[in-house]
Each structure stands twice: as C-alpha cells, then as structure tokens.
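The values are calculated or read from the model by the stated rules, or taken from the named source; none is laboratory data. Treat the numbers as computed from the prediction; the structure is a model and nothing was measured. Every residue, glycine among them, receives a Cβ derived from its backbone with ideal geometry; neighbour counts consider all protein chains shown.
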Amino acid sequence: MNEKLAISVDDLTVAYNYKPVLWDIDLEVPEGVLMAIVGPNGAGKSTLIKSILGIIKPIAGSISIFGKPYDKQRKLVAYVPQKGSVDWDFPTTALDVVLMGTYGSLGWIKRPGQKEKKAALEALEKVGMLSFKSRQISQLSGGQQQRIFLARALVQNASIYFMDEPFQGVDATTEIAIINILKELRKAGKTLVVVHHDLQTVPEYFDWVTFLNVKKIATGPVKDIFNDDNLTKTYGINYKVAVNK
Amino acid sequence: MSNPQLEIQLIAAIVAVACAIPGVFLVLRKMALISDAISHSILPGIVIGFFITQDLNSPLLILFAALTGVITVILVEVIQKTGLVKEDTAIGLVFPTMFSIGVILIAKNANDIHLDVDAVLLGELAFAPFDRMFISGMDMGPKSLWVMGGVLLVSITLLILFFKELKVSTFDVGLSSALGFSPVVLHYGLMSVSSVTIVGAFDAVGAILVVALMIAPAATAYLLTNDLKRMLVLSVVFGVFSAIAGYWLAHLLDASISGSMTTVLGIVFLLVYLFAPKKGLISVLYRQKQQRTEVSLITFLLHLNNHTEKSERHINHLQEHINWQKVRSKSVVDLALKNNMITIDNHIVSLTEKGKEFTGKALDYILTNRDDKIENIKDDFFLFRG
C-alpha cells in the first residue's frame, strides 16, 4: 500500500431537501487501490461519488483529491456515471461519446482534433469496441454501452477513476472484460472507486472496500474487513450465507 | 416578386433559422414546453419595455423582455424545487400568470400602444416591411430584418463556440459537471438565447406559433438522423423551407402568413413521421411485422431441429402442432423456403444445411444472449437488430 492519500473526505454531510442522505462521512482512500463501495439501496453510494466530484454540493464537510480541492484536480479524475443516467437515443456515435472524455483537458471552446481522435480510437480498441465506432449509440447493447462509457473514462487518462455501477445490466463476458481492464489500471498505479452491488464478487474483484449506509460503517482492505459482522451492520440482516469463503 | 414580398420571405426564413437552432437543444433536453412558457411570459416584459423605449424593435426592449423569459425559467425551477408541485404543473402555473399580466397591461394602455392581443398571439409578418430602419436618411430595409439578423448572428456564434459544451451537457449532465463545464451556466445560456430569439421572433410570428418554429423542425430532423450536426442542419433546412412555402401558401389562400408557415411545418413533420426510413411509423410497423414473422420462423426451425421423426415433420401436423393459423403457417413456410432453409419432400419438411446452421446460431444466441454471436446474422434479419 502506498502512503499517499488519493482521496480524503472529512465530515461530509449531504442532504436532499434537508433530509441527510450522507451523514458525517470520514473516508480516506490510499493511492493505488481498487475499491468497492457497497451498501443497500438508498445508502448514498452514488451521492458520495457525486459529492466528491462536485456534482452535488454538500451541506458540510470537505473533500480533497491528492491533497487539493477537486476543482484544482479535475484533470486527474475520470468519471463513469450510471448507464441509465443518460438518454441513449441522443443523436451521436460511439466514437463521439468516447471523444467527450477528452473535453475536460481541452477546456472551454477548443475542439477535439486529430490527437484526441487517435486517443479515443485507442480507448475503443482497449474495450474491444473499435468496430462499433460509427454505430449510433442506441444501436448498442447494454454491455456495449457500458464499454463505451469505460472507454470514455480511459481516454481521460486520469489517476483516479470513479465508476457508478459499471456492471449493471451487462452480460458475463462484458463483466469479465471490464474487471480485467480495472485490474490493469490498478496495476498501472491508478486508484479506482467503484459502486458495486454484487457482494459475491467483492473478494474476487476488489482489494479495498467501503461499507456505506448513510453513515460509513467501515473501510479498509477486503481481506481484513469484508466479514459477516460489517455486512450485517451495513445491510441490517444476517449475511452469513453471502460470504461463505 | 415585389420587394416587400422578398423582404417578408427573408425575414420569415431568418426567424425560422434563429428558432431552429436553440429548438434542437430544447427538444434533446426534453424541454420543448419551456419554449411555450417563455413565449407567453415575455409579454409583460415586451409591454413594459415598450413603455420605456416606445419602440417595438429596440434592442433594449428585446433584452428586457428576454429577461422576463429567463425569470420565468427560474420561477418554474424554484416552484418545482419546493417538491410540492411537479415541473409540468409549475410551467402551467407560471406562464399563464405572466401572460395575463401582459394582457391586462395592454388592455389598460390600449391607446398608447401599438399592440393588440391578436398580433401578440399570431404575429403579423405582412406588416414587417412597413417598419423600416433609416441610417442618416438612408433606407436600410425593414427593422425586424436587422433585429432578427442580429439575433441569428449571436446565436450562430455561440453555437459554434460552445457546440462541444452544449453537446456534452445535453447528453450527460453528470460528466459535464465533473469535467468543469457547469451545466447551470450552459442551461441558463441556452435559456437566454431561447428567450432573446423568441422575443425577436415574437413580432413576426406571435406567442403561439413561435413554439412551432422552435420545436417542429427539430422534432422532424430528429426522425431522420443520428448525428447532432446533421440534426441542426436539417432543422434549419426544414425551417427555411416551411417559411418560404408557408409564405406562398398564405399568398395562395389569402390567409395569415405565420399560420400557413406553421401548417407547412405540421405537414412536413407528418410526412417525415410516416415515411422516415428508419424511425418513421410505416418503417417501424413494417419492422415489427417482419420481426413477428422471424420469431415464428425461428420457432418453426427449432421445432424441426428438435424432431427427427417423420410424423413430427409432416406439413399438416406442423400446422396442428405449433398451433398456428393457416395464413401464418404458409407465410412462415414460404419464408423458410425462400431462404433455402427447408426442403419439402412429399409433405415432409426437412432442414437444409443452411437451415441447420442458422438454427444453431440462433439457438446459440438465445441461450447465451451474447452479442458477438449474432453480429453476422444481424444484416439478414430484423429480429436481431435491436
């Protein structure tokens, strides 16, 4: 484990209409981990990610990315939103969606050029979608759409990747392809934070885990803290069956 | 063609283009109704602006009225954010209130103002050439031509500068925000441009028809393309075509120009809605019918695949067994024969090699649900094209 902190969250509280959805969260994520955020529906998993990325304004607390506020570190961070959060009937192609990943480094007004296009094509190849580059995005299957989103994050060439349920609604092949890419990224020293639903696969896919249910229950290495005790605390029911190792 | 005729068509075309551009983004953001709200709410802004400037084409009046439009959008959002009413209800509450304030202001000051409610609702393009702009005594053409030309120029410049930002914030708000392109700034930018455009077009086409000019070209173009740039170009083409065709329709019928323009827009949309090659109604219905037949075909082939015994493969037995009506059985058998998937020998149906191969592939796909299994048969069959 690297000593450097990739993400540090202090006393974070987020509320929708004055109802807290995240309550006094302290979280430190070391650099170079592949971390799952797990917790029941409504636990605030997506909200936590969105707050770190400045998409939602918290009512209290502070967040830093490698020791500085997110605004200053934008270019170090890539984000994969939930697949269902966008309209896939939008008139655009797979390549064009991936190109959007380059917009951040371009800044306002400047258009993507040959360099950006080349990077986007490479990212498409990495996720095995190069032959679909001109396909209209509504003509892609759920798994293919998720790969496009992953390619869009890859093209950002970030140090930290946030992913909101990248395995939702994808077939088994795509799931394996995605997790292999995530593991490759970790090997390259990147930090990955993934909202994850399938508890069965946590020990196999991840090396770090955060249990969340409005409050933070626990965070740390999977081998130390992924146990029945924390699962029960998080989900409120006995999870013995789920993690028979 | 006389000079005023040409001028009217030119103004109509420029109004159409200026409306079509923000219209594309409103349609893609599912905010079409907001244009309706803005177009009605700017009325009090126009009336009050007129009290101050005494000139319906003054840039100051346009900015003032456009501000009312933006305030409307903010009001709708504020009401909606309380969580007590939904967005459509909030829109339905705000714009009639604003509009009626405008109507009362006009009625109370009818003597001082060259506005009547008819013109407010429907506009009056025919009079546009009468209000001319003079620079040191030189006739520079109709004022509204200059006003709308200016609005269009600003709108196109902003579109070119911020195309990528508008695209990403329309497609994916979360990413746009994470990348540092504030969706709030872009939203209000778009709302401001829409408001200015609507105010500029108001004089020519009125509060109700301006909505059609914003929404119809974009909705029509959406059915024809999968590319945002092409959608913008097509919207502009449809807008200009309807403006000019509408002018001549009005000429022919001796009717309202703006009414005729909108009618043409409606007809163009209807034609595209019915006949668009991929997203058109007829094409969709045809595809559905094909898919039904193809599902039947696969069911039929799978049945043949599962049964080697002759008694199960007799043509009459098949009809009874799969429990289809005669017409359907016949069309399915014909389709299979046409594709060389089966042979019929003395009323006994057998799969050909091609039929076996296809059935195998289809089965593979049905069992695994893996996309790569069907990439190569997608071209031949509607069923697998999603």
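Structure summary
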| read-out | value |
| --- | --- |
| All strands (runs of 3 or more DSSP E) inside segment A:5-86 with 1 or more residues being surrounded by fewer than 22 Cβ atoms within 10 Å (Cβ to Cβ) and away from chain B (no Cβ under 14 Å) | A:5-16, A:19-30, A:60-65 |
| Number of positions in segment A:59-91 that are farther than 29 Å from residue A:189 by Cβ and free of Cβ contacts under 8 Å to residues at least 60 places away in the same chain | 8 |
| Unmet criterion (only one of (1) farther than 19 Å from residue B:228 by Cα; (2) facing chain B (nearest Cβ under 8 Å)) for residue A:164 | (2) |
| Residue among A:132, A:211, A:149 that is under 30 Å from residue A:24 (Cα atoms), buried (at least 18 other Cβ atoms within 10 Å of the Cβ) and not charged (D, E, K, R) | A:211 |
| Odd one out for residue B:270 among (1) in contact (Cβ under 8 Å) with a residue 12 or more places away in the chain; (2) within 22 Å of residue B:122 (Cβ to Cβ) | (1) |
| Any hit, segment A:107-117, residues being surrounded by fewer than 22 Cβ atoms within 10 Å (Cβ to Cβ), within 20 Å of residue A:53 (Cβ to Cβ) and facing another protein chain (nearest Cβ under 9 Å) | yes |
| Residue satisfying all of: in segment B:40-98; small (Gly, Ala, Ser) and closer than 14 Å to residue B:202 by Cβ; surrounded by the most Cβ atoms within 10 Å (Cβ to Cβ) among these | B:41 |
| Segment B:150-205, subset within 24 Å of residue A:89 (Cβ to Cβ) and among the hydroxyl-bearing types (Ser, Thr, Tyr), residue nearest to the other protein chains (Cβ to nearest Cβ) | B:177 |
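For every residue, the table says whether it meets (1) in a helix (DSSP H, G or I); (2) outside the structural domain of residue B:96 (by TED's automatic domain parsing); (3) of a type outside the set (S, T, N, Q); (4) more than 20 Å from residue B:263 (Cβ to Cβ).
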position	(1), (2), (3), (4)
B:145	yes, no, yes, yes
B:158	yes, no, yes, yes
B:161	yes, no, yes, yes
B:170	yes, no, no, yes
B:191	yes, no, yes, yes
B:212	yes, no, yes, no
